[in-house]
Amino acid sequence: MKKTFFLAVILCCCLQSYGNIVDSTRTLTAKEKFKNFFSLRDTDTIREFNQITTYESYKEQAHPKNNKRWGVAFGGYISQDNIFDTRQSITAREGIITMYPANIKTDKNGKDINARPSFNMLAMNTRLTGRITAPKALGADISGMLEGWFVGVANSDANGFCLRHAIIQLQWPTTHLLIGQTWHPLFTENCFAYTLTGSAGAPFQAFSRAPQIRVKQNFGINNLMLYISAQRDYASIGFNGTSSEYLRNSAIPEGGMQYFLDFKKHNKKDSSLTSNTLIGIGGDYKYLIPRVVTSDNEYCHKGVHSWAVIAFLHHQHALTHHSQLGLKVKGMYSQGVNDFLLVGGYAVRYYDSYALNSAVNFDYVGLNNVSVWFDLYANIKSWEVAIFGGYTQNLGAFKNIQDWNNANSYFTKDYDIRSIQRISARVKYTAKQLQFAFEPEYTTVLYGQQRNSLGEVQREGAKLVGNLRLLLTAILYF
């Protein structure tokens, strides 16, 4: 009922806007106005199709010249994913977003329960995107983007339509202001892997969409971005499970900045062929309050500081007018980033009493991790071939953890992981708006049961488990 009401409201708003156009623009017929307002995306103007939607995807279309009218261009795609895994894995949305293979879990006879293959077919990765254009205001080009998909807000809501992106953009000659919900800046929309699997490289790549305000200032090839953000669908872990309340209770938004160089080099023999290079660095900070009262009903307001630093590179070289060779590399060193589908979180800091006691108003300490990935790709006419590799490791904390072998001392889902490794390849073939793609992916995890006082998982006694995923996808873009 709520979904029907939501769609009805959108339709009414669209019809009202169309009526306004009819009243204000008499030089066009009603049929022409309707076509101008409700139009499909002009797919011929987009050089490549990609399953991950970003505001960068629509940059070339965002501001038509001399735009004086409202307009909505609908786009999106219909997708079917066919998935085979050799082992049970940690996933989200019935396997669309895959993380890593599950740990060994034995039955009463010592047989590994998770050493079981699985197969699934899903079409709920289908998406609908609306690109909005508007007349200029405040001296800026105005545009927006609204996108939803059918995976629901949780595993229990599969096939439910939910929000992915809702953004307002103001573009001045050298300044760009973005307001709304979209990819968190740590995702780096201009440097991420075009993998078939919906995780786009997680748990090696920061993966999160968040409400935010960001401003980017251009100084020639130099660019500076500042932002603040909150949490919604991807949130931190605390005493009440996964929730945005820990960031909200701190009364301080998450914030950060990025600086990057973006420049082109023209081919000496053919100036229409260019090499594009992007080099960037950035930092992020957030402060969480994991609880506001102890189990003994004592007020507390102690929190945990978390930070992240990133460096990234994207170089693309045009071989011909129809072929490019590119490389993307990104590294991240961070604390408390499990809200980005990364290894990490925080833990209870050591205090005098040996036993962990929730009645104590204790302090916290962040868990450090490092991650790095690369994506080497080639686009040759209608084909794309690529190889992706990633590595991440739990580095433990800077200070001792209370009862460090007790799972209840940690606020993370992967405190027993020492490292994760992945290698994958992909092949895509695109015929106009139709695309077929295949991606084999092999991921291994080193699980351990022993930790030192800093929470770092020890290699001694650790066991390596792996999963081979085969993903075959068919997509119709519109």
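The values are calculated or read from the model by the stated rules, or taken from the named source; none is laboratory data. As the structure is a computational prediction, the values presented were derived from the model and not from experiment. Note that we place each Cβ from the backbone using ideal geometry, even for glycine, and neighbour counts take in every protein chain shown.
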ask   = From the list 115, 134, which one is over 21 Å from residue 413 (Cα atoms) and of a type in the set (A, V, I, L, M)?
value = 134
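Each row is one residue, and each column tells you yes or no for (1) surrounded by fewer than 14 Cβ atoms within 10 Å (Cβ to Cβ); (2) free of Cβ contacts under 8 Å to residues at least 24 places away in the same chain; (3) more than 21 Å from residue 234 (Cα to Cα); (4) not assigned by TED's automatic domain parsing to the domain that holds residue 452.
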| site | (1), (2), (3), (4) |
| --- | --- |
| 299 | yes, yes, yes, no |
| 303 | no, no, no, no |
| 328 | no, no, yes, no |
| 343 | no, no, no, no |
| 377 | no, no, yes, no |
Pick from segment 390-415, criterion out of contact with any Asp or Glu (no Cβ under 8 Å at 6 or more places or on another chain) and in a strand (DSSP E or B), ranking: farthest from residue 351 (Cα to Cα) = 390
ask   = Filter segment 83-115 for residues that are small (Gly, Ala, Ser) and not in a loop (DSSP other than H, G, I, E, B); which is surrounded by the fewest Cβ atoms within 10 Å (Cβ to Cβ)?
value = 92
inquiry  = Checking the condition part of a loop (DSSP other than H, G, I, E, B), assigned by TED's automatic domain parsing to the domain that holds residue 77 and out of contact with any Lys or Arg (no Cβ under 6 Å at 6 or more places or on another chain), which residue from 469, 418, 459 passes?
reply    = 459
inquiry  = If residue 226 meets every condition in (1) farther than 24 Å from residue 288 by Cβ; (2) part of a strand (DSSP E or B) apart from one, which number is that one?
reply    = (1)
ask   = Among the residues of segment 203-216, is there at least one that is over 25 Å from residue 438 (Cα atoms) and part of a loop (DSSP other than H, G, I, E, B)?
value = no
ask   = So residue 372 clears everything in (1) within 27 Å of the chain's Cα centre (by Cα); (2) of a type in the set (A, V, I, L, M, F, W, C); (3) assigned to a loop (DSSP other than H, G, I, E, B) except one condition, right? Which one?
value = (3)
inquiry  = I need the full set of residues from segment 445-478 which are over 16 Å from residue 397 (Cβ atoms), among the charged types (D, E, K, R) and surrounded by 15 or more Cβ atoms within 10 Å (Cβ to Cβ), in order please.
reply    = 469
request  = Answer yes if at least one residue in segment 191-205 is in contact with a helix residue (DSSP H, G or I) (Cβ under 7 Å, 6 or more places away or on another chain), in the same structural domain as residue 342 (by TED's automatic domain parsing) and not polar (S, T, N, Q), and no otherwise.
outcome  = no
task = Quick one: residue 264 ticks every box in (1) part of a helix (DSSP H, G or I); (2) modelled with pLDDT under 95 except a single one, so which number is it?
result = (1)
ask   = Yes or no: residue 341 closer than 23 Å to residue 408 by Cα and under 18 Å from the mean Cα position of the chain (by Cα)?
value = yes
message = Taking the conditions exactly as written (in contact with a Ser or Thr (Cβ under 6 Å, 6 or more places away or on another chain), assigned by TED's automatic domain parsing to the domain that holds residue 421 and among the β-branched types (Val, Ile, Thr)), does residue 97 satisfy them or not?
response = yes
request  = Look at segment 336-352 and say how many of its residues are touching a strand residue (DSSP E or B) at 6+ places or on another chain (Cβ under 7 Å) and over 15 Å from residue 407 (Cβ atoms).
outcome  = 9
key: Every residue from segment 242-261 that is within 21 Å of the chain's Cα centre (by Cα) and either closer than 18 Å to residue 226 by Cβ or in a strand (DSSP E or B) (or both)   = 242, 243, 253, 254, 255, 256, 257, 258, 259, 260
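Let's see how each residue does on (1) buried (at least 19 other Cβ atoms within 10 Å of the Cβ); (2) in contact (Cβ under 8 Å) with a residue 12 or more places away in the chain; (3) within 27 Å of residue 466 (Cα to Cα):
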{"position": "117", "(1), (2), (3)": "no, yes, yes"}
{"position": "130", "(1), (2), (3)": "yes, yes, no"}
{"position": "143", "(1), (2), (3)": "yes, yes, no"}
{"position": "157", "(1), (2), (3)": "no, no, no"}
{"position": "168", "(1), (2), (3)": "no, yes, no"}
{"position": "171", "(1), (2), (3)": "no, yes, no"}
ask   = Counting just the residues of segment 281-297 that are touching a residue at least 60 places away in the same chain (Cβ under 8 Å) and within 18 Å of the chain's Cα centre (by Cα), which one comes out surrounded by the most Cβ atoms within 10 Å (Cβ to Cβ)?
value = 284
ask   = How many residues are assigned to a loop (DSSP other than H, G, I, E, B) and either out of contact with any Gly (no Cβ under 7 Å at 6 or more places or on another chain) or not assigned by TED's automatic domain parsing to the domain that holds residue 315 (or both) when one looks only at segment 161-187?
value = 3
